[in-house]
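Participant: I have a structure I would like to understand better, so I am pasting it below and will then ask my questions one at a time.
No lab work stands behind these numbers, since they all come straight from the coordinates. Given the structure is predicted, the values throughout are model-derived calculations rather than measurements. Note: ideal-geometry Cβ built from the backbone for every residue, glycine included; neighbour counts use all protein chains shown.
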Amino acid sequence: MGRWEPNARGRLAQAAFELFADRGFEQTTVADIAIRAGLTERTFFRHFADKREVLFSGQSELREALVSGIASAPESASPLAAVAAALEDVGAFFEEIRDRARQRQAIISANPELRERDLIKLASLASAMAAALRERGVPEPSASLAAEAGIAVFRIAFDHWVTGTGQPDLPSAIRESLDQLQALTGTAG
């Protein structure tokens, strides 16, 4: 086994994505992933709690980026504008991993358990964003409304971007979705 080789986490993730695409999520075991990566199951569990975590492992970094983006928005920014700025910033990150994001989304879409987990992740992100808005002095329910609206904007933009039916880049898709929301509500950022 190649335990001493570098980037065990990356190798495990790559193996998992390949197997999920080839066999399906349910039919792939941790043992299969470890073998494909040339590692042991023990090494897998040093990097991931379970095979679902391969798909959701970046959640804490995403949460931190969104919270940081809201905190660094200009003081004059409206709650929704602060959320939009944070979303556009993280959208730029996703540009670098578009193919992986597409593959990940296809795997999640094919499995009800994973779709549920994805919704839980989005709810957690909305809660963190609302807390960041409250830190900026935004009262309730405005903080939660802006955060939830931001997550809706992100989800719609991401779906269009990842399927290729929307803007060519995610930040533009986010701006387009936000513009559509604002047109529906008759507001400006």
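Participant: Treat the count of other C-beta atoms within 10 Å as a stand-in for reagent exposure and order 88, 95 from fewest to most.
Facilitator: Neighbour counts put them in this order, fewest first: 95, 88.
Participant: Run the numbers for residue 183 and residue 18: contour at 0.36 nm per residue of separation, minus the present Cα-Cα distance, in nm. Mind showing how you got there, number by number?
Facilitator: Values: separation 165, 0.36 × 165 = 59.40 nm, distance 4.12 nm.
This chain segment gains 55.3 nm when fully extended.
Participant: Also, quick follow-up: How far, in degrees from 0 to 90, does helix 79-95 lean away from the longest principal axis of the Cα atoms of the chain, to the nearest 10?
Facilitator: 30 degrees
Participant: Additional query: Hey, what's the per residue convex hull volume over the C-alpha atoms of segment 119-189, in cubic angstrom?
Facilitator: Details: hull volume 6.6 nm³, N = 71.
About 93 Å³ per residue, rounded to a whole number.
Participant: Under the rule a/c < 1.5 gives rounded, and otherwise a/b versus b/c splits prolate from oblate, where does segment 61-146 land using the Cα gyration tensor?
Facilitator: Oblate shape, in that a/c is at least 1.5 and b/c is the bigger or equal ratio.
Participant: Something else now. Nearest 0.05, what FRET efficiency do residue 165 and residue 40 give at R0 = 30 Å with Cβ-Cβ as r?
Facilitator: Numbers: r = 42 Å, r/R0 = 1.38.
About 0.10, to the nearest 0.05.
Participant: Can you tell me the 0 to 90 degree angle between the C-alpha axis of helix 8-23 and the longest principal axis of the chain, rounded to 10?
Facilitator: That helix lies at roughly 90 degrees to the long axis.
Participant: So what is Rg over Rh here for segment 8-51, counting just Cα atoms and using Kirkwood for Rh?
Facilitator: Computed over Cα atoms, the ratio is 0.91.
Participant: Separate question: Using the count of nearby Cβ atoms within 10 Å as a rough guide to exposure, how do 177, 109, 76 rank from fewest to most?
Facilitator: With the sparsest Cβ surroundings first, the list reads 76, 109, 177.
Participant: State, in angstrom, two size descriptors of segment 40-100 derived from its alpha carbons: Rg to one decimal place and Dmax to the nearest whole number.
Facilitator: Computed over the Cα atoms of segment 40-100, radius of gyration and Dmax are 15.6, 52 Å.
Participant: Sticking with this structure for a sec: Would you mind calculating the relative contact order of segment 8-51 from Cα pairs under 8 angstrom and at least 6 residues apart, reporting the percent as a whole number?
Facilitator: This gives 43 percent for segment 8-51.
Participant: Now a separate question. Taking the 0 to 90 degree range and rounding to the nearest ten, how far is the long axis of helix 142-163 tilted relative to the main principal axis of the chain, both from C-alpha atoms?
Facilitator: 50 degrees
Participant: Under 10 Å from the Cβ of residue 36, count the other residues' Cβ atoms, weight Lys and Arg +1, Asp and Glu -1, and hand me the total.
Facilitator: -2
Participant: Most fluctuating residue of 27, 14, 103 in a GNM of the chain with Cα springs under 10 Å: which is it?
Facilitator: Sorting by GNM fluctuation, first place goes to 27.
Participant: Lys and Arg at +1, Asp and Glu at -1: add these up for the other residues within a Cβ distance under 14 Å of residue 88 and post the number.
Facilitator: Net charge around residue 88: -4.
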